[in-house]
Amino acid sequence: MNIGGIELKNNVILAPMAGVADLAFRIICHKMGAGLSYTEMVSAKALGFENKKTFRLMETGDLPTAVQLFGSEPETVAAAVPQAEKMGLFVDINMGCPAPKITGNGEGSALMRDLGLAGEIIAAAVGAASRPVTVKMRAGWDMEHINAPELAEIAQKNGAAAVTVHGRTRSQFYSGSSDRDVIKAVRERVTIPLIANGDVFSAADTLSLMEETGADGVMIGRGSQGQPWIFAAVAAALSGEPQPALTQREKMDIALEHIGLIVRFKGERTGILEARKHAAWYIRGVKGAAALRDEINHADTLEKMREILKKAIDED
């Protein structure tokens with residue numbers, strides 16, 4: 001897959017999930033076969049203040065990663081682009097986040113209610129960039145205002161190198177289902193690469209999504225939580241190769257490696273607190289999962305977390 005002259009190893013991409021897609025998770029997903037990942041959302045305004053926490057969000061570990069910015073002021077976003085480019089392959093502008101704390105400031109998916117301003121932000125970012133700029137959006141603000149095709153066309157006219165479309169509206173958050181017809185309508189309006197996002201939980205989901213929408217790539221978000229090996233399965237399916245089959249032991253080894261990375265990067269106290277949700281996702285479907293989740297929620301050391309996840313192998 002090629003985005004603005006940057007060639008990726010494949011078209012299977014990790015979504016920029018806040019509180020999930022940190023460097024540790026991105027390392028694991030790339031190891032499992034992801035061709036590209038996005039950082040968690042980075043505030044363009046916070047970058048201007050040189051916030052240390054914000055800079056940590058942009059750490060890429062030399063992985064093929066795009067830095068995702070959010071902001072509602074063209075000049076602020078433009079000023080942040082050169083700093084973001086130092087860290088990632090290219091810059092993505094978030095126009096899809098549904099969180100009230102983001103939309104309440106006129107950022108994220110709130111920009112889909114003001115396509116004029118959205119276009120100005122994209123143009124400003126492209127003008128300040130030396131690398132490609134992409135845009136991530138939702139289907140629209142609500143069911144009465146489905147305007148992703150219009151925004152995608154505006155993005156293309158203002159120099160965006162690719163667009164990603166999540167087929168839900170902001171008002172849906174993550175309920176209901178992703179509307180593939182909206183993504184298909186975007187395909188009919190733009191010639192730049194289109195990445196489809198929403199309801200990808202298996203290789204079969206990916207194949208049908210690509211076929212129905214004409215998208216050039218697929219972005220996986222919640223479908224990767226607790227099963228980062230989905231990237232290997234999807235990449236294999238898209239290339240017509242046999243999908244890898246992992247044993248429970250192999251899956252827990254991946255979980256242990258992931259949690260070890262979290263602790264390495266964030267320290268044991270903070271790392272274990274953040275690792276609890278990942279550990280709970282990894283044991284979904286395992287025999288005795290309810291009891292193991294309770295133990296996970298009380299784990300306070302890396303060694304204790306290792307003991308619990310090893311039980312998931314024995315319990316299977």
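The values are calculated or read from the model by the stated rules, or taken from the named source; none is laboratory data. Owing to the predicted nature of the structure, the values given are computational and were not obtained by experimental measurement. Every residue, glycine among them, receives a Cβ derived from its backbone with ideal geometry; neighbour counts consider all protein chains shown.
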Which residues, taken from the stretch 245-257, are small (Gly, Ala, Ser) and part of a helix (DSSP H, G or I)?
ALA255
Residues of the stretch 228-247 being in contact (Cβ under 8 Å) with a residue 12 or more places away in the chain and either polar (S, T, N, Q) or within 21 Å of ALA160 (Cβ to Cβ) (or both), which ones?
SER239, GLN243
Among residues of the stretch 143-152, those that are over 22 Å from the mean Cα position of the chain (by Cα) and within 14 Å of LEU117 (Cα to Cα), counted:
1
So SER177 ticks every box in (1) small (Gly, Ala, Ser); (2) closer than 26 Å to TYR282 by Cβ; (3) part of a helix (DSSP H, G or I) but one. Which box is left unticked?
(3)
Selection from the stretch 13-28 of residues small (Gly, Ala, Ser) and within 9 Å of the chain's Cα centre (by Cα) yields ALA15, ALA18, ALA21
Given the criteria in the same structural domain as ALA15 (by TED's automatic domain parsing) and either part of a strand (DSSP E or B) or closer than 24 Å to LEU8 by Cβ (or both), does ILE183 qualify?
yes
When (1) over 21 Å from PRO100 (Cβ atoms); (2) in a loop (DSSP other than H, G, I, E, B); (3) among the polar types (S, T, N, Q) are applied to THR134, the one that fails is (2)
Can you confirm whether ARG276 is touching a helix residue (DSSP H, G or I) at 6+ places or on another chain (Cβ under 8 Å), surrounded by fewer than 20 Cβ atoms within 10 Å (Cβ to Cβ) and over 17 Å from MET17 (Cβ atoms)?
no
Selection from the stretch 258-299 of residues closer than 20 Å to THR247 by Cα, part of a loop (DSSP other than H, G, I, E, B) and not β-branched (Val, Ile, Thr) yields ARG284, GLY285, LYS287, GLY288
The stretch 79-103 - residue that is small (Gly, Ala, Ser) and in contact with a helix residue (DSSP H, G or I) (Cβ under 8 Å, 6 or more places away or on another chain) and, of those, nearest to GLY5 (Cα to Cα):
ALA84
Selected residue (only one of ALA255, ALA233 is farther than 20 Å from MET210 by Cβ, surrounded by 21 or more Cβ atoms within 10 Å (Cβ to Cβ) and in contact with a helix residue (DSSP H, G or I) (Cβ under 9 Å, 6 or more places away or on another chain)):
ALA255
